Amino acid sequence: MHPTPRPATPADIPELIRLRAVALAALGVEPGGDDAAWRDVARGWFLERIEERSDVHCLVVGGEPGEPLFATGMAWVTYHLPRPQYTDGRRGYLDGIVTDDAARGQGHARRIVDGLVAWLNDNGIHYIQLHASSAGEPVYKAAGFVPGHFPGMDLFTTPTD
C-alpha cells in the first residue's frame with residue numbers, strides 16, 4: 001500500500017526545506033549547510049503559503065506532520081491575460097516536486113502530481129504548466145504533460161545594491 005499524499009502543515013516545514021535542498025543538489029546547485037541564509041527565508045515562504053494562501057496547495061507523502069517525508073510538490077494559481085480558451089486568465093503551475101533519494105521509483109511523485117492536478121481542476125483551472133528536469137520529465141509525460149507551445153526563456157539581472 002502506497003501512502004496517499006496529504007496537505008502539508010507548518011510542522012512539515014523543516015522536512016520541506018530538507019527536500020528543497022535535495023532538489024537543489026539534484027539540479028547541481030550546492031544548497032549549503034543548515035545555516036545557509038536561504039533556509040531562513042524558506043521557513044517564512046513555506047509558512048505563508050501553507051497557512052495563508054488559498055491559491056497555493058502543497059502536498060506531501062510520508063509520515064504524520066513533523067515526521068520524515070518521502071516526497072513533496074506544490075501547485076499555485078498564476079494570473080495572466082484572458083484568452084478565448086481560458087477567459088479568466090488563470091493557469092496552474094506545478095513546482096518543487098521532489099522525492100527523497102531513498103524513496104525514488106515508488107510512484108510518490110506521480111501521486112503528488114495527480115493530486116495537484118486534481119486540486120487545480122477542482123478549482124476550475126485546466127491549463128497547467130511546469131518546468132521539468134530531465135529526471136522528472138518521464139513522470140510528467142506519464143501524467144499527460146506535453147512540451148509547451150512557447151519555449152521558456154530566462155533573464156538574470158545584476159542587483160544594483
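The values are calculated or read from the model by the stated rules, or taken from the named source; none is laboratory data. Because the structure is a prediction, the values reported are computed rather than measured. As a convention, Cβ positions derive from the backbone with ideal geometry for all residues, glycine included, and neighbour counts pool all protein chains shown. Areas reflect the complete protein model, heavy atoms only, side chains present, ligands, DNA and RNA absent. Shrake-Rupley method; radii C 1.70, N 1.55, O 1.52, S 1.80 Å.
Side notes on the structure shown:
- Entry remark, region 6-43: residues being in a helix (DSSP H, G or I) and either open to solvent by less than 40 Å² (accessible area, probe 1.4 Å) or of a type in the set (D, E, K, R) (or both) number 16 in total.
- With respect to the conditions (1) closer than 17 Å to residue 8 by Cβ; (2) in contact with a helix residue (DSSP H, G or I) (Cβ under 9 Å, 6 or more places away or on another chain), residue 128 lacks only one, and its number is (1).
- Restricting attention to region 48-67, the residues that are surrounded by 13 or more Cβ atoms within 10 Å (Cβ to Cβ) and on the phi < 0 side of the Ramachandran plot add up to 11.
- Scope region 58-98; condition closer than 18 Å to residue 42 by Cα and among the small types (Gly, Ala, Ser); matching residues: 66, 71, 73, 75, 96
- Among (1) touching a residue at least 24 places away in the same chain (Cβ under 8 Å); (2) more than 14 Å from the chain's Cα centre (by Cα), the one test that residue 16 misses: (2)
- Selection count where residues are open to solvent by 60 Å² or more (accessible area, probe 1.4 Å) and in a helix (DSSP H, G or I), scope region 100-120: 4
- Among the residues examined, residue 78 qualifies as modelled with pLDDT of 95 or more and either of a type in the set (Val, Ile, Thr) or more than 23 Å from residue 141 (Cβ to Cβ) (or both).
- Any hit, region 33-40, residues being under 15 Å from the mean Cα position of the chain (by Cα) and of a type in the set (A, V, I, L, M): no
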